[in-house]
Every structure is written in C-alpha cells, then in structure tokens.
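Working notes, beginning with the structure itself.
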Amino acid sequence: MSIEDNIFKKYKVIKEKLEPYGFIKEIDKYKFSKKFMENKFEAVIYIDSNNKITGKVIDLDFNEEYTSFRIKDIEGEFVNLVKKEYIEILQNIADNCMEKQCFIFPQSNIICKYIKDEYGVEPEFMWNTNPGYGVFKNENNKWFGIIMNIEKNKIIPNCNNDEIEVLDLKLDDKVEKYLKIKGFYPAYHMNKKSWISIILDGSVSTETIEKLVKISYNNLNDIMNKKYYKEVFEYLTKIPKGKVVTYKQIAEHLGNEKLARLVGNILHKNPDGDKYPCFKVVNGQGKLTDAFAFNGKDEQKRRLEDDGVKVVDYKVDLNTYQWKEKSY
C-alpha cells in the first residue's frame, strides 16, 4: 500500500474544500503543490475524478522525482526526515479537505451509518493491535456485529492478499442457509456455528445486509425482551393518572439506563394498550413518538389528554407531569 493510500484510506474528499485550501482545478483532476525541506523539495498531490489520490516528491536541485523514502530497505536520517515532512503535508490535507470515516470502503460506512441511525449504536474500536476492527454492541453490551479489515486470502483460500473489510453477523440457525449463497463465508474471528462473514465490496446488496443486521440484533434482543418484558409492563401499571415517565426512567428501573432503546422495542409489542398504558411513556425531552404502538402520536396525544396531561406541539412538560417514583 502506498503512503498516500495508507493516509487517506479512511477519508472522504470534500471537493468544495479543495480550491480554498490551495488545490488548482485542472481538466480531470485537482492539483496541489507545496515546497518543504527548506524549499529543496516539492510535494505534488493529485486527486482525480474518482477521488483517487496520488502524489510525488520532486528534488528541486535535480528537477526529478525523489523516491528513496518509498523504498522499504533504505534508511537514514535524511530519508526519514523527507518522509516525515511529506506525511505531515498529506495529513494536513486530510484534516482540512476531507471527512474522516469509520471504515475504509464505501459499503462499510453505509452499513455503519445504518446501524447508527436504526439502533443508535456506533462502532467501538477496542484493540491497539487491530485499530480497524469496529465492534457493534447492543444495550446489554453484547456483540451483534463486527467490521474488520483483513487480507482477502483469510476468507477465500488461495486468493490474493488485498485488504478487504468484512462484516460478521450472528445468524445462529440461519448460518448454514447463507453459506450456500454466493458472497457469504464461514465467520472470520468468530464462532463459525453461530456467525457468518460478508465481504463489504458490494457483492452482497446493502439492502440484504441491513436485513441480516436486523436479524443479528434481534437474536440478542429477543433474549433480553423475555427477561425484561414482564417487568416493563408491570411498571406501566404503577404510573399514576395524569403522569408520564421516560424511556430512560424505565431503563433505570430495570437497572441500566442504556436499556432505553430496548424499552422502546418492548413497548412497541404491547399486547394491550388499555391494560398497559404505554401512552404514558415519552422521550427525554417530553416528546411523543411517531412509532406509538396504537396508531401513532396523534392517538398518544388523545390518550394523554384524556388522562389529564396537557400536550403542546406533541410535547409534554416534564417538570409538571413526570412521575417521580420515590414521591409516589
């Protein structure tokens, strides 16, 4: 991997920032030049129409490209200094003209965004030895996915050693089914009986992967739902007339404020809205939810008002209406 590829592999070019920074727009690319090493060398950086970034260093004394710093076996104080200053130029471009991404490849970042938007979960990078490995955990701190950058031949035997990113998902009894489908592989790094690997190169559609993420996430949450299901609904029956609680408040009652999203999942499966008044649950700002299990926030608003709670712009004043369990 080139120095440029290594520096920029987790960055997305923001073209609007290139010219203000100093890049010059040419026919099919952008070009940036900067002298360094007391004006004895010049760095020339190109970004093509596909956002591929390349660069070279010119020795201005000889007016020719200087490549010694790219050769692995060449060492020395001068060579290392040229390399260091060139890398600083590249990193400054990354910091000022690009957006940092969690992962290397486009589909990896699309899946990462989906998980964040859908479940409120961001990857945790837990290992210094494998800084590109991002783990996704549910509310109970259990893994439901991991994206890893590895060599391709670790997934496909006798293949090249190009860098790829894979997503491991926990599919349990569905593993055998998916191993028969092109694009799915025995899990790398995880238990092969329960987990499966997908190469994030577009060979499996993003829509399909998102559906499998949901399966992996729900496999774990179904276990948690059973554990907390009864306790959540019993709690609802204790809320006094004319009072509301928040998702976080119920999660704290369960012993872990991080279970707020799980509480929402459980309430969405409420079997009896009259017996278990989930309409009394709002978010941390007092807002009603579009996903209220019984016909949306308009119905939630009606039920709250019938219960004596004032609702303004689909929002409840928590200072007035929030139930404080200790005072009950």
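The values are calculated or read from the model by the stated rules, or taken from the named source; none is laboratory data. Just so it is clear, the structure is predicted and the values come from calculations on it, not from any experiment. Note: ideal-geometry Cβ built from the backbone for every residue, glycine included; neighbour counts use all protein chains shown.
Just for segment 294-313: of the residues that are acidic (Asp, Glu) and outside any helix (DSSP H, G or I), which one is surrounded by the most Cβ atoms within 10 Å (Cβ to Cβ)? Spell out how you get there, then give the answer.
Applying the first criterion (acidic (Asp, Glu)) to segment 294-313 yields 298-299, 305-307, 313.
Keeping just the survivors that are outside any helix (DSSP H, G or I) gives 307, 313.
On the way: ASP307: 17, ASP313: 7.
Top of the filtered list is ASP307.
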Given (1) touching an Asp or Glu at 6+ places or on another chain (Cβ under 7 Å); (2) aliphatic (A, V, I, L, M); (3) not assigned by TED's automatic domain parsing to the domain that holds LYS310, number of the condition LEU259 does not satisfy: (3)
Tally, over segment 105-151, of residues that are at pLDDT below 95, out of contact with any Phe, Trp or Tyr (no Cβ under 9 Å at 6 or more places or on another chain) and β-branched (Val, Ile, Thr): 1
Hits in segment 146-179 - residues which are on the phi > 0 side of the Ramachandran plot and touching a residue at least 24 places away in the same chain (Cβ under 8 Å): ASP172
Checking VAL121 against (1) touching a residue at least 40 places away in the same chain (Cβ under 8 Å); (2) surrounded by 16 or more Cβ atoms within 10 Å (Cβ to Cβ), the condition it does not meet: (1)
